[in-house]
Amino acid sequence: MRRLQQSSCKEDFVKMAKKQYAVIGMGRFGSSVAKALTEMGFEVLAIDSNEQRIQEVVNTVTHAVSADSTDEDALRALGIRNFDVVVVAIGQDIQSSILTTLILKDLGVKTLIVKAQNELHGKVVHKIGADKVIFPERDMGLRVAHHLVSPNILDYIEISDDYSIIEIKAPSRMIGQSLKQLDIRAKHKCNVMAIKTGSTMNIAPYADDLIGKDDILVIVGKNSDLSNLEIAYSEG
């Protein structure tokens, strides 16, 4: 059983050579992040005040401990400032999320990523020191909406308030045509950054490169322009 005792947390983790992550909040999102990072080979400390949730993840992450993230002494005892990245994935308790974020910044955490429930929550944690704020529910909603508009859309990633990247499976009207013939930049003001063909990624496609049947295009552009592109090539 890979149970981590608070009294030895700091000493144990300081000795670790791999990049270290701490994930606070073992709800669906937090536990998913913690497990994925562990499977990728990173050292992960899972933290939650709920003992049952810790028991559910103790065998799927590197280390797990039951602790109150709003208790500064408890976080200090865990050596939280020694982690490369700390993810605050606390669910519905916005007050605890904000207080935890504030404590972590005061303790000198290097990189702090915070899950936000809504825009206001996001603004608050950003102002008090979160290096990156993520909105899982909103982002998933965006992906679903774009997929409904165009089933060929495989992924949709916001890179700023105005710009995003989409991965789109080549629609039938693109197949057999070159990037020059499609002229996506002129017609839709978007840029094709790469083309995936099976396991091969062409990160610098030429104008004469032809689009194949199962190709996936990685396209960047302004959100409004990407929406117009999706509608133009919609096959749903």
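Pairing each residue of the range 104-131 that is on the phi > 0 side of the Ramachandran plot with any residue that is in a loop (DSSP other than H, G, I, E, B), provided the two are 6+ apart or on different chains, yields no C-beta distance under 6 Å. For the range 195-214, the set of residues classified as surrounded by fewer than 19 Cβ atoms within 10 Å (Cβ to Cβ) and more than 17 Å from Ile165 (Cα to Cα) consists of Thr197, Gly198, Ser199, Thr200, Tyr206, Ala207, Asp208, Asp209, Leu210, Gly212, Lys213, Asp214, listed by residue number.
A Cβ distance below 8 Å, combined with a sequence gap of six or more or placement on separate chains, defines the contacts here; from the range 60-71, residues that are without any contact (Cβ under 8 Å) to a residue 60 or more places away in the chain reach residues that are buried (at least 19 other Cβ atoms within 10 Å of the Cβ) and acidic (Asp, Glu) in the pairs Ser66/Asp48.
Considering (1) in contact with a Leu (Cβ under 8 Å, 6 or more places away or on another chain); (2) among the polar types (S, T, N, Q); (3) open to solvent by 50 Å² or more (accessible area, probe 1.4 Å), the lone condition that Ser178 does not fulfil carries the number (3).
The residues listed here are Leu142, Leu104, Leu148, Leu120; of these, the one that is assigned to a helix (DSSP H, G or I), modelled with pLDDT under 95 and surrounded by 14 or more Cβ atoms within 10 Å (Cβ to Cβ) is Leu142. Exactly one residue out of Leu229, Leu217 is assigned to a helix (DSSP H, G or I) and surrounded by 14 or more Cβ atoms within 10 Å (Cβ to Cβ), and it is Leu229. Selection within the range 14-65: residues that are touching a Phe, Trp or Tyr at 6+ places or on another chain (Cβ under 6 Å) and part of a strand (DSSP E or B). The member of this set that is surrounded by the most Cβ atoms within 10 Å (Cβ to Cβ) is Ala22. Between Glu11, Glu56, which is charged (D, E, K, R) and modelled with pLDDT of 90 or more? The match here is Glu56.
Against the condition on the phi < 0 side of the Ramachandran plot, modelled with pLDDT under 90 and in a strand (DSSP E or B), how does Ile166 come out, does it pass?
Details: on the phi < 0 side of the Ramachandran plot: yes; modelled with pLDDT under 90: no; in a strand (DSSP E or B): yes.
Taking the combined requirement at face value, the residue does not satisfy it.
The values are calculated or read from the model by the stated rules, or taken from the named source; none is laboratory data. This one's a predicted model, so the numbers in the text were calculated from it and none came from an experiment. Backbone-built Cβ (ideal geometry, glycine too); neighbour counts: all protein chains shown. Surface accessibility is based on the protein's heavy atoms, side chains included, excluding ligands, DNA and RNA. Shrake-Rupley method; radii C 1.70, N 1.55, O 1.52, S 1.80 Å.
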